[in-house]
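Chemist: There's a structure below that I have some questions on.
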Amino acid sequence: MSASRSVAPGLPDTIGLEPPGASQEPVVVGPRQGYERWAASYDQYPNPLIAREERYLMPLLPDLTGKDVLDLACGTGRWLQKLLQRGARLGVGIDYSAAMLRVASRKAAIRAQVARADCLQLPFRASVFDFAICSFALSHIQGWKQVARELARVMKPDAVVVISDLHPEAYARGWRTGFRDSRGACQIEMLPPAAEEIILGFYSGGFECLTHVPLCLGDPEKQMFGATGKGHFFAEAVQVPAVLVCHFRRRCYEDRGS
């Protein structure tokens, strides 16, 4: 997701975190169509939700030296780059959007490590990865519990998986994933599951929940609102849990009763 900013007339303007009651009624599209259209400008604008997610997660990332990592629904490869910088031996990013992957493939550090694939049917053998992240994607995936089962299959025992997404309370307050370009405003269909649903779904898939944390925006994100003409929305926005982050551990075979 990305927050809006003021740009010269006629240039694309990304919105991402659009307050309820915005003046322009957006077109609502499915994830595939939405991200194909958004890809070209996705990396170009400040993003308060991503900034808050990274501010929380970066200090918690483990030492990945010699580890194999997966960026699930990698988009333009933001987290894949960071995981490789943390010393990962092998990093792979997969996404279903060809347009987002084209942007990722232009980045020298990851261009040979991204591929188009379905999160519901991962193209990997069993017990491959030591760490995985799925950032701001679960709410776009119908049948996301299958994602948990597929992750359990490809993760090694005791491997860690991090899931982040728009907090369901923010969604209930009218927050949406969206953007604005030369064709107008657009929202991408989503339905963020509650923390309890995610925990149960991943437990059934083969994981135990280590933590689940609601994150509110803070002062470091304030300047993004001001820079994009939404400063008046910030005081209200910080009262709402904006991001949900869940940490899971892949249970050992013995833990799963197998």
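Chemist: Report, by residue number, each residue of region 177-223 that is of a type outside the set (Ser, Thr, Tyr) and part of a loop (DSSP other than H, G, I, E, B).
Modeler: Initial filter on region 177-223 (of a type outside the set (Ser, Thr, Tyr)): 178-181, 183-202, 205-210, 212-223.
Selection gives Arg183, Glu189, Met190, Leu191, Pro192, Pro193, Ala194, Gly206, Cys216, Leu217, Gly218.
Chemist: Another one. May I ask you to list pairs of residues, at least six apart or on different chains, whose Cβ atoms are under 7 Å apart, with the first in region 38-58 being farther than 20 Å from Trp175 by Cα and the second being small (Gly, Ala, Ser) and in a helix (DSSP H, G or I)?
Modeler: Ala39/Ala99
Chemist: Separate question: Name the residues in region 146-157 that are assigned to a helix (DSSP H, G or I) and either over 12 Å from Ile198 (Cα atoms) or in contact (Cβ under 8 Å) with a residue 40 or more places away in the chain (or both), would you? Working first, answer last.
Modeler: Step one: list which residues in region 146-157 are assigned to a helix (DSSP H, G or I), which gives 146-154.
Listed by number, the residues that qualify are Val147, Ala148, Arg149, Glu150, Leu151, Ala152, Arg153, Val154.
Chemist: Same structure again: Kindly indicate whether Gly184 is modelled with pLDDT under 95, of a type in the set (Gly, Ala, Ser) and out of contact with any Gly (no Cβ under 9 Å at 6 or more places or on another chain).
Modeler: Working: modelled with pLDDT under 95: yes; of a type in the set (Gly, Ala, Ser): yes; out of contact with any Gly (no Cβ under 9 Å at 6 or more places or on another chain): yes.
Taking the combined requirement at face value, the residue satisfies it.
Chemist: Being small (Gly, Ala, Ser) and within 15 Å of the chain's Cα centre (by Cα) is the filter here; which residues of region 171-186 pass it?
Modeler: Filtering region 171-186 for residues small (Gly, Ala, Ser) gives 172, 174, 178, 182, 184-185.
Listed by number, the list holds a single entry, Gly178.
Chemist: Right, something else. Are there strands (runs of 3 or more DSSP E) fully within region 67-145 with at least 2 residues that are touching a Phe, Trp or Tyr at 6+ places or on another chain (Cβ under 7 Å)? List them. Talk me through it step by step, then tell me what you get.
Modeler: Details: elements: 68-72, 90-95, 114-116, 129-135.
Qualifying strands (runs of 3 or more DSSP E): 68-72, 129-135.
Chemist: Name the residue that is farthest from the chain's Cα centre (by Cα), counting only residues in region 106-129 that are farther than 15 Å from Ala148 by Cα and among the charged types (D, E, K, R).
Modeler: Only one residue tops the list, namely Arg125.
Chemist: Further question: Being of a type outside the set (Gly, Ala, Ser) and within 15 Å of Cys119 (Cα to Cα) is the filter; apply it to region 70-99 and report the residue that is surrounded by the fewest Cβ atoms within 10 Å (Cβ to Cβ).
Modeler: Here the residue is Tyr96.
Chemist: Please verify whether Ser139 is in contact (Cβ under 8 Å) with a residue 60 or more places away in the chain, of a type in the set (Ser, Thr, Tyr) and touching an Asp or Glu at 6+ places or on another chain (Cβ under 7 Å), treating the condition exactly as stated.
Modeler: no
Chemist: Same structure again: Can you spot a residue in region 172-190 that is closer than 29 Å to Pro62 by Cα, of a type outside the set (Lys, Arg) and free of Cβ contacts under 8 Å to residues at least 60 places away in the same chain?
Modeler: Looking for residues that are closer than 29 Å to Pro62 by Cα, of a type outside the set (Lys, Arg) and free of Cβ contacts under 8 Å to residues at least 60 places away in the same chain, one finds none in region 172-190, hence no.
Chemist: Same structure again: Examine region 170-187 for a residue that is surrounded by fewer than 21 Cβ atoms within 10 Å (Cβ to Cβ), among the polar types (S, T, N, Q) and in contact with a Lys or Arg (Cβ under 6 Å, 6 or more places away or on another chain), and state whether such a residue exists.
Modeler: yes
Chemist: I'm checking my understanding of the structure. Among residues of region 26-59 that are among the charged types (D, E, K, R) and surrounded by 20 or more Cβ atoms within 10 Å (Cβ to Cβ), which one is farthest from Val213 (Cα to Cα)? Even if it seems obvious, please write down each step before you answer.
Modeler: So in region 26-59, the residues among the charged types (D, E, K, R) come out as 32, 36-37, 43, 52-55.
Filter once more, keeping what is surrounded by 20 or more Cβ atoms within 10 Å (Cβ to Cβ): 52-53.
Details: Arg52: 12, Glu53: 11 Å.
By that ranking, first place goes to Arg52.
Chemist: Select, from Val160, Val240, the only residue that is crowded, with 16+ Cβ neighbours inside 10 Å, under 20 Å from the mean Cα position of the chain (by Cα), aliphatic (A, V, I, L, M) and assigned to a loop (DSSP other than H, G, I, E, B).
Modeler: Going through Val160, Val240 in turn, just one is crowded, with 16+ Cβ neighbours inside 10 Å, under 20 Å from the mean Cα position of the chain (by Cα), aliphatic (A, V, I, L, M) and assigned to a loop (DSSP other than H, G, I, E, B): Val240.
Chemist: Oh, and also: Condition first: buried (at least 17 other Cβ atoms within 10 Å of the Cβ) and under 16 Å from Ala159 (Cα atoms). Now tell me which residues in region 100-135 satisfy that.
Modeler: The answer is Val128, Phe129, Asp130, Phe131, Ala132, Ile133, Cys134.
Chemist: Considering only region 213-233, how many residues are within 15 Å of Arg173 (Cβ to Cβ), surrounded by fewer than 18 Cβ atoms within 10 Å (Cβ to Cβ) and modelled with pLDDT of 90 or more?
Modeler: Counting residues in region 213-233 that are within 15 Å of Arg173 (Cβ to Cβ), surrounded by fewer than 18 Cβ atoms within 10 Å (Cβ to Cβ) and modelled with pLDDT of 90 or more gives 2.
The values are calculated or read from the model by the stated rules, or taken from the named source; none is laboratory data. Computed from a predicted model, the values in this text were never measured in an experiment. Here Cβ is always computed from backbone atoms with ideal geometry, including for glycine, and neighbour counts include all displayed protein chains.
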